[in-house]
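Accompanying notes for the structure given below.
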Amino acid sequence: MSSNEPLGLGLLGCGAFGRFCLETFATMDQVRIAAVADIRPDAARALGEAFDVVAAESDKALLARDDVDIVHIAAPPAAHRGLAIAALTAGKHVLCEKPLAVTIADADAILAAADRAGRLCPVNFVLRHNPVTEAVARVLDAGPLGAPLAGRLTNCAFDTYMPPGHWFWDEAVSGGIFVEHGVHFFDMYATWLGAGEVIGAHTLARDGGLVDRVACTVRHAPPDAPPVLVSHYHGFDQIEPMDRAEHRIVCEMGDVRVAGWVPLRLTVDAAVDDAGAERLRACCPWTAEEAVDRYDRQAVHRGRGMPRHVTQRLRLTYEPNADKAAVYAQSLRALLADQVACIRDASHQRRITERNGRDALATAVAARRRAHEKAPG
């Protein structure tokens, strides 16, 4: 294989999400779809026919193929350890859907296998490559809002396609909501605010015993800044038209708000001086700006016991693309291209490494453990 030849990609898991990912990967020059496999032969055959690629009779058959260089694992979480280690042992690189595993022991076994094989095995933390997520990091790093003080994620998800017998509700298979879903956001807040420590967690169940709502508080300790408490709420109890999510980060001089679990819109409400306003404007190509108020240049405003020089309050909005599927696909392409660049050149610094998947899982497992300790009985 030449350095410019596309990598052959094999998919393990031929559900609706696997199909979406193949549609995205098929638009990339860096990879070519080589084969698919699923424990349901009919699903593999249907997807193979749709993309005119081989439908392998099993995961072992797919991993034995010489034309597969990287394996995308889109199977339920409990299967990740076995599939990832088998792929790595077969000399394949892996792109694993979140979470990396359902236990820390399983995650460590995967990382050890990747190290032995000299292969990549990142988690598909697609939110790291989201343009709105990246803009939030630039706003916080720019400094005009002062230090972050608190954060809140409210994620209200629909459960339309997850009846009571669905694997999502079985903690042994999915890891539970903190693990199966929460890892995305534990990782995202760690990129914004530094590593976090879970200091409290709870779960609530609907009639019938299905845990459909979880909440936790994570304490972040950014370098050279005060600690930040972030509350996470995930509820899988909505009808599809009311699926929604919002992030809010409260800073010393304003708010950062993000709409969508796949972030689609950023709003910054800030009270700053003229230089701070210019630093904010330089963070990204804002789609809207509103002047909320102007202040006397000689006035002094105090907050957290400190004098603050403020000349204006403004509201900035960044909404690069309102199409959720298109934004996800764009981020997925960027993520895989970044990993392929490292496969081609080991000196390339990836945005997401194997350790990120393990770290986010550790936070999720800590939240799950805390919640179990508080559960009645």
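The numbers here are math on the coordinates, done by the rules we state, and not lab data. Note that the structure is a prediction, hence the values are computed from the model and not measured. Here Cβ is always computed from backbone atoms with ideal geometry, including for glycine, and neighbour counts include all displayed protein chains.
What the table shows:
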| read-out | value |
| --- | --- |
| Magnitude of the charge dipole, region 128-326, Cβ model with Lys/Arg +1 and Asp/Glu -1, debye to 20 | 680 debye |
| Extension gain from Gln298 to Asp108, taking 0.36 nm per residue of separation minus the Cα-Cα distance | 62.6 nm |
| Modelled label reach - Ala337, point 7 Å along Cα→Cβ, region 91-113 residues with backbone N closer than 19 Å | 95 |
| DSSP bridge orientation in the chain - percent antiparallel, rounded to nearest 5 | 70 percent |
| Charge dipole (debye, nearest 20) of the chain; +1 at Cβ of Lys and Arg, -1 at Cβ of Asp and Glu | 880 debye |
| Residue with peak Gaussian network fluctuation, the chain [Cα springs, cutoff 10 Å], from Pro222, Pro307, Pro144 | Pro307 |
| For region 75-80, Karplus couplings with θ = phi - 60° (6.51, -1.76, 1.60), whole Hz, Gly/Pro x | 9, x, x, 4, 8, 5 |
| Check: region 1-42 dipole with +1 on Lys, Arg Cβ and -1 on Asp, Glu Cβ, in debye | 80 debye |
| Overall form of region 299-377 per C-alpha gyration tensor (a/c, 1.5; a/b vs b/c) | oblate |
| Val310 long-range amide H proximity, modeled H, under 5 Å | His301 |
| GNM flexibility winner over the chain from Val71, Val230, Val173 (Cα, springs under 10 Å) | Val173 |
| Structure-based [θ]222 nm, the chain - -39500 (n - 2.57) summed over DSSP H runs of at least 4, per residue, nearest 500 | -10500 deg cm²/dmol |
| Normalised contact order of region 7-121, rounded percent, pairs of Cα under 8 Å and 6 or more residues apart | 24 percent |
| Tensor-based shape of region 71-169 (alpha-carbon gyration tensor, a/c under 1.5 rounded, otherwise prolate or oblate) | oblate |
| Distance in nm between pseudo-label sites at Ala326 and Arg308 (7 Å out along the Cβ direction from Cα) | 3.6 nm |
| GNM result for the chain, Cα springs below 10 Å: residue of Ala107, Ala44, Ala282 fluctuating most strongly | Ala282 |
| Under-5 Å amide H pairs with Gly151, H placed in peptide plane, nonlocal only | Leu229, Val230, Ser231, Val250 |
| Extension gain from Phe20 to Asp67, taking 0.36 nm per residue of separation minus the Cα-Cα distance | 14.8 nm |
| Over the chain, relative contact order from alpha-carbon pairs under 8 Å, at least 6 apart, % | 18 percent |
| Normalised contact order of region 128-326, rounded percent, pairs of Cα under 8 Å and 6 or more residues apart | 25 percent |
| Whether region 192-291 is rounded, prolate or oblate, judged on the alpha carbon gyration tensor where a/c under 1.5 counts as rounded | oblate |
| FRET efficiency estimate (nearest 0.05) - Cβ-Cβ, Ile239 to Arg116, R0 56 angstrom | 0.75 |
| Listed residues Gly208, Leu193, Ala221: farthest to the positive end of the dipole of the chain (Cβ charges) | Ala221 |
